[in-house]
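Only the coordinates and a few stated rules stand behind these numbers; no lab work does. Since the model is a prediction, treat every value here as computed from it, not as a measurement. Because the Cβ atoms are built from the backbone with ideal geometry, glycine has one as well, and the counts that use them run over all protein chains shown.
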Amino acid sequence: MSALGITLRALSTGAGLLIVGVLAMSLLAGPSDKPTARQWQRRLARSSGWLAVLVLLSGVAVLGWQVTVVTGRADGAASGAAWLRLLGATQLGTVWLLRHAILLLLAALVLFRESDESRADWLAWRIEAGLLAVAGAGLAAWAGHAVGVDPGSALPALVNAVHLAATGAWLGALPALALLLVAASREEGADSRPFAVLAVRRFSTWALAVMAVIVVTGVWNAWNEVGGVPGLVGTGYGRLVLLKGALLLPVLALAAWNRRSLLPRLGGDGATVGRPGMRSLARFVAVEAVVGAALVVVAAALALTPPGRHTTPDWPLSFRLAPEVTWNFPGVKTQVLIGAQILLVGLLALIAGCFMRRWRPLMLAGAAVLLFAGAQQALPPLAVDAYPTTYRRPSVPYNAASIAHGASLYRVHCVECHGPAGRGDGPASAGLLQRPADLTAPHTNDHTAGDIFWWLTHGVGIVMPGFGAKVPEDERWDLINFLRALSAGEAARSLTDIDEPERPRLRAPDFTFATGPAQTTLKDYRGRQPILLVLFTLPSSRARLAELAQAYGDLRSFNAAVLAVPMDGGERILSRIGASPRILFPVATEGAEDIVSTYSLFRRTRAPEGALPNAPMPAHMEFLIDRSGYLRARWLPGGPQPGWSDIKVLLAEIHALNQETDVAAPPDEHVH
């Protein structure tokens, strides 16, 4: 983002919006036979032509600036080949060509219009030019963030196009309205005062509807591109959005003042009330236009700033609201309920104060006190500690390779205090003033990955040292991925061979494995079919592998994939399995070590031995993963129930997964 880029984009955008507004204001006011009004209309017609030329020239300048950005060279704009590549090989170039073809047609229509003599001619070229101006302004949405944030949907671009067109119909009309008011407020412009009063009233009604569209579409666009409160508060893009909203508030207040106080005065006595009222209104409209110009500059800066959704937030507060964490704490529900009642009374007082005249200051002051008191009562119980990295997105995906590496790092740096199973019972924990946290407890998931990253980097008080200087950043994320998997392994103790739909779903860590020269990932199967992941040991698993081989036809007919991973190493695994029965499903020859290290974390059961720090390692494990990528069921041979030793039970579970209609969205690639 540079000052030149912002200036050029603001100039191009502002000129396009002005054309829309000038034509909209001209149509709202309508034709007139009064000399002052006709002169004003002619002035608008001339300015629309020059504005069209300005949009074309500034558009070329913006494209030239974009060429220098793409090439990374200040002299890149001198390269014709770079211009052609940008125009012919990018969506920005395609949209630019289409938009400027429309604007060129608009310029020709405005500059070479034939006549305004008849009402039909007067309306025709203005309506045609207005439609072209709206199309030109709206097309810019297809070259902005609205497309990049959600490339698969046209809705964000359509909403943004409506927002741009509505902004032009309001903001672009303000200078034209101010010119009319100035002309009509003079003594020599008295002939056009009724015309100006009618135009202002029409614009007031029009602006009320248009502003509602601007606010609704603007809020939708901002939320879609910011991605949530962290992106709004913790990114440069979000702070620009807040600045844009802060600039809009005084505009709305000023418009409300104009509508309520100045608009009724326009029809009063010309010398003492009407003309002074018009001059005052013209000044306020000019102030609105100046603030609107500032909004255009902020919008230009937003266009050149990465969206908050695509930026790592830097959280500026020492707390965050997390009702999902604190809601069941003692007393929280009561405090929130009391605070909510106070807030409701304050809101009712605010609404009443807006409609009352006599007691308005008192009501509004009381409403402010009640709203503040209610927030003070309801919000603190919902807050938890937060850090600058609380909402940082991990740079390392949640996969078996990362988790396995995180496990090795844990054994080096963490096991002495937190223990081999992460329960805070390591050898060094006995001498500490405060027992280390149990990393398998449910509260671990109450903290974001960014919280844990902060603790790993900077430490926790005097109990836990920081590892920022010892452990590289990517390895700290590997540790976090392992801790998330360790916690998930504790939750997996409830997994059985029968899926229970109400059970919280555990994400299956992604992994990469090879079967000969080809490499495949678990994620490649998402959206296609359920997966039976088989971790086996020879020779004890040979009989089970034979059963699965014989049932493989039935499994495939139920749209299930089978992936087999040796727990005792992949060297010469196919020859060790043997040629009979023939194994047709994939058997991992590479990548098995990381997969086994990761999925062995999900071996614990509800049996007493499952709670031991070093729970016994089964020789054979099978996991059922649904189409979305979640662990849904697990079978460990030798349990009290026969489970999947009866293939029909396994087929029934797979069939149930295939019949699900409320398929969950795939888990994110990174932990949160």
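Observations, loosely collected:
- Rounded if a/c under 1.5, otherwise prolate or oblate - segment 525-593, Cα gyration tensor axes: oblate
- For segment 400-492: rounded, prolate or oblate by the Cα gyration tensor [a/c cutoff 1.5]: rounded
- Each residue of segment 203-335 gets 159 Å³ once the volume of the Cα convex hull is shared out per residue.
- Counted by Cβ distance under 14 Å from GLN519, the other residues give a net charge of -3, where Lys and Arg count +1 and Asp and Glu count -1.
- Computed from the C-beta positions of ALA373 and LEU317 and an R0 of 22 Å, the FRET efficiency is 0.55 to the nearest 0.05.
- As a rough footprinting exposure proxy, the listed residues VAL251, VAL291, VAL369 were ranked by other beta carbons within 10 Å of their own, and the order from fewest upward is VAL369, VAL291, VAL251.
- Between amide H atoms placed 1.01 Å from N, distances below 5 Å from LEU506 occur with LEU631, all of them 5 or more places distant or on a separate chain.
- Distance from the Cα centroid of segment 331-404 to that of segment 546-577 is 55 Å (rounded to whole angstrom).
- For segment 596-639, fraction of C-alpha pairs farther apart than 13 Å, in %: 57 percent
- Per-pair calculated FRET efficiency, R0 = 56 Å: ASN559 and PHE355 via Cβ, rounded to 0.05: 0.35
- Principal axis analysis of the Cα atoms in segment 319-385 yields extents of 45, 20, 13 Å, listed in decreasing size.
- Short to long, the 10 Å bins of the Cα pair-distance histogram for segment 360-421 hold 16, 20, 23, 14, 13, 11, 5 percent of all pairs.
- Of the DSSP H helices in the chain, those whose Cα atoms cover at least 15 Å axially and whose Kyte score averages 1.0 or more: 3-29, 91-111, 155-171, 173-185, 236-257, 275-303, 332-355, 360-378, 647-658
- Shape analysis of the chain yields a ratio of the Cα radius of gyration to the Kirkwood radius, Rg/Rh, of 1.10.
- Taken along the Cα-to-beta-carbon direction at a fixed 7 Å, the label points for VAL229 and ARG85 span 4.5 nm.
- DSSP-defined antiparallel bridges as percent of all bridges, the chain, nearest 5: 70 percent
- Put simply, the amide H of VAL562, placed in the peptide plane, has neighbours under 5 Å in LEU532, leaving out anything fewer than 5 places away on its chain.
- Taken as Cα centroids, segment 252-266 and segment 459-511 sit 59 Å apart, rounded to the nearest whole angstrom.
- Kirkwood hydrodynamic radius (C-alpha pairs) into Stokes-Einstein, segment 437-553, 25 °C and 0.890 mPa s, D in µm²/s: 137 µm²/s
- Reduced Cα scattering model of segment 561-607, Debye log10 I(q)/I(0), q = 0.19, 0.29 Å⁻¹: -0.67, -1.10
- Peptides 338-346, 293-301, ordered by how many other C-beta atoms sit within 10 Å of their residues on average, highest first, read 293-301, 338-346.
- With Cα atoms defining each centre, segment 581-615 and segment 49-86 are spaced 58 Å apart in the structure.
- Estimated 222 nm signal from helices in the chain, with DSSP H stretches of n ≥ 4 weighted -39500 (n - 2.57), rounded to 500: -18500 deg cm²/dmol
- With all pairs of separate Cα atoms included, segment 59-128 yields a Kirkwood hydrodynamic radius of 14.2 Å.
- From the C-alpha gyration tensor of segment 3-310, square roots of 5λ in Å: 36, 24, 15
- For segment 1-146, radius of gyration divided by Kirkwood radius, i.e. Rg to Rh on alpha-carbons: 1.06
- Sorted peptide list for 515-524, 191-200, 304-313, criterion being average Cβ within 10 angstrom, highest first: 191-200, 304-313, 515-524
- For segment 312-328, Karplus couplings with θ = phi - 60° (6.51, -1.76, 1.60), whole Hz, Gly/Pro x: 6, x, 10, 5, x, 9, 8, 8, 9, 7, 9, x, 5, 8, 9, 4, 8
- Net charge contributed by nearby residues that have their C-beta within less than 13 Å of GLY569 (K/R +1, D/E -1): -3
- Gyration tensor verdict on segment 498-658 (Cα atoms; rounded if a/c is under 1.5, prolate if a/b is larger than b/c, oblate otherwise): rounded
- 12 Å cut-off, amide nitrogen to a point 7 angstrom out along LEU247 Cα→Cβ, residues in segment 303-346: 303
- Over all other residues within a Cβ to Cβ distance under 13 Å of ARG603, the charged ones net out to +1, with Lys and Arg as +1 and Asp and Glu as -1.
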